[in-house]
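Please read the structure below before turning to the comments.
Each reported figure results from applying straightforward, stated rules to the coordinates on display, with no laboratory input. No experiment lies behind these values; they were computed from the predicted model shown. Cβ: placed from backbone, ideal geometry, glycine included. Neighbour counts: every protein chain shown.
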Amino acid sequence: MSDMAPAPHEPSDVEYAEVLFATPLQESDNPGTTQVRAAVLRCLAEHGGDLHRFAERLAQEAGDHPVEAARRMRWALATVRRAFAGGLLALAG
């Protein structure tokens, strides 16, 4: 058995978008790349990095407000694709 920690899991674009969906940022805020990254990382840290929590929140919102949730998720996905192009681990160097 190895004492080495597993390699960090790089969240997918969809997982990053689910986290962004849960933040207070809005499309109308026109957030920049730095603001998006900071909001996503802060939200992840506040929830212990549990990505499943964000998928559950999206599912709840989609059930309650399907049109609005779809619109927000499309924005979130496009936004994280710009903000995290190359992935977070690549940004860390």
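Along each principal axis, taking the top coordinate minus the bottom one, the Cα set of segment 13-87 gives 31, 28, 20 Å in descending order. Taking a point 7 Å from the Cα of S12 along the Cα-to-Cβ direction, the residues of segment 31-48 with backbone N closer than 20 Å to it are 40-41, 44.
Ordering of 61-71, 40-50, 11-21 by packing is 11-21, 40-50, 61-71, highest average first (other Cβ atoms within 10 Å, averaged per residue). Across segment 13-87, Cα pairs under 8 Å and at least six residues apart give a relative contact order of 50 percent.
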